[in-house]
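These notes are about the structure you will find just below.
The values are calculated or read from the model by the stated rules, or taken from the named source; none is laboratory data. This one's a predicted model, so the numbers in the text were calculated from it and none came from an experiment. Please note: Cβ atoms are built from the backbone with ideal geometry, for glycine as well, and neighbour counts cover all protein chains shown. Note: areas computed on protein heavy atoms with side chains; ligands, DNA, RNA excluded. Shrake-Rupley method; radii C 1.70, N 1.55, O 1.52, S 1.80 Å.
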Amino acid sequence: MSPMSPTPAEPSPSRTAAVIPAAGRGVRLGPGTPKALRALGGTPMLIHAVRAMAASRAVSLVVVVAPPDGATEVKNLIDGHALPERTDYVVVPGGATRQESVKLGLDALPEDVSVVLVHDAARPLVPVDTVDAVIEAVRDGAPAVVPALPLADTVKEVEPGEPGRPEPVLSTPVRARLRAVQTPQGFARDALVLAHESVAVDGEGATDDAGMVERTGSPVVVVPGHEEAFKVTRPLDLVLAEAVLARRRAHDGF
């Protein structure tokens, strides 16, 4: 090839996208506004979660799965908040269960997306280093990756009984082998799509996409999670999240 010959076009790199199912009501935080739209530091939790995914330079697209009748409201909400210009986003209506909503988010992904993150809107403060660690592990060849932390408490398996009544203990799992799983969970796209197409989950659907991938026989690996990636489920969690956010703002000066 002569020096004046044009350089051959490089193949376009595969893209990473994040799917955020945000169609749930969040009943444990009480009645009223859906959990994902509750304010944290004056900004809806969902916006914090979208920004947490967009903070990773590897994430080029965020798909927000909104309540079935609230896609326009959620899109207007996101339009009103600053997001990195390098990151695109799209809002799609969700389904009756989390599993259905994730599947609808997957259906909205462009063909060139090969790595998919699934992130809880109720984990608004996950650090970007955790997001990047999950993506890197998928790109290194793991079909499914979950961030997780060791448990601080001893765990008992019990025979469930009536609320508030004593329950008999069945066993005490070895705590050193247990991990509390967080999000974002990361996947090779094909592995996650296969799981959603082939794994039937009863009741309200799956709460853990990695668990669905496990059922297909694909390996799942754990990377270190972060204490600030906790899930905001109860009123006390919201108090803790406000404290973490206030500490970050004092440290970062914004």
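Odds and ends about this structure:
- Arg249 vs. criteria basic (Lys, Arg) and modelled with pLDDT of 95 or more: no
- Selection status of Thr183, among the β-branched types (Val, Ile, Thr) and modelled with pLDDT under 90: no
- The lone exception for Glu111 - which of (1) open to solvent by less than 30 Å² (accessible area, probe 1.4 Å); (2) within 24 Å of Arg57 (Cβ to Cβ); (3) of a type outside the set (Phe, Trp, Tyr) it fails: (1)
- Failed criterion for Thr233 (all others in (1) farther than 15 Å from Arg98 by Cβ; (2) surrounded by fewer than 21 Cβ atoms within 10 Å (Cβ to Cβ) hold): (1)
- Comparison of Arg123, Arg86 shows that the only residue that is farther than 23 Å from Lys231 by Cα and not in a strand (DSSP E or B) is Arg86.
- Within the option set Glu136, Glu100, being more than 12 Å from the chain's Cα centre (by Cα), part of a helix (DSSP H, G or I) and under 23 Å from Ala23 (Cα atoms) holds for one residue only, Glu100.
Quick grid of which residues meet (1) assigned to a helix (DSSP H, G or I); (2) among the small types (Gly, Ala, Ser); (3) under 23 Å from Ala108 (Cβ atoms):
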site	(1), (2), (3)
Leu170	no, no, no
Pro173	no, no, no
Ala195	yes, yes, yes
Ala200	no, yes, yes
Thr207	no, no, yes
Ala210	yes, yes, yes
Ala246	yes, yes, no
His251	yes, no, no
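- For region 135-152, the criterion of being farther than 30 Å from Ala52 by Cα and open to solvent by less than 60 Å² (accessible area, probe 1.4 Å) is met by no residue.
- Looking across Val146, Val174, one residue alone is over 24 Å from the mean Cα position of the chain (by Cα) and at pLDDT 95 or above. It is Val174.
- Selection from region 177-197 of residues that are more than 17 Å from the chain's Cα centre (by Cα) and open to solvent by less than 80 Å² (accessible area, probe 1.4 Å): Leu178
- Test for Glu228: is it out of contact with any helix residue (DSSP H, G or I) (no Cβ under 7 Å at 6 or more places or on another chain), within 20 Å of Arg123 (Cα to Cα) and modelled with pLDDT of 95 or more: no
- For Val220, the stated conditions do not hold, so it cannot be described as closer than 22 Å to Val19 by Cα and either open to solvent by less than 40 Å² (accessible area, probe 1.4 Å) or at pLDDT below 95 (or both).
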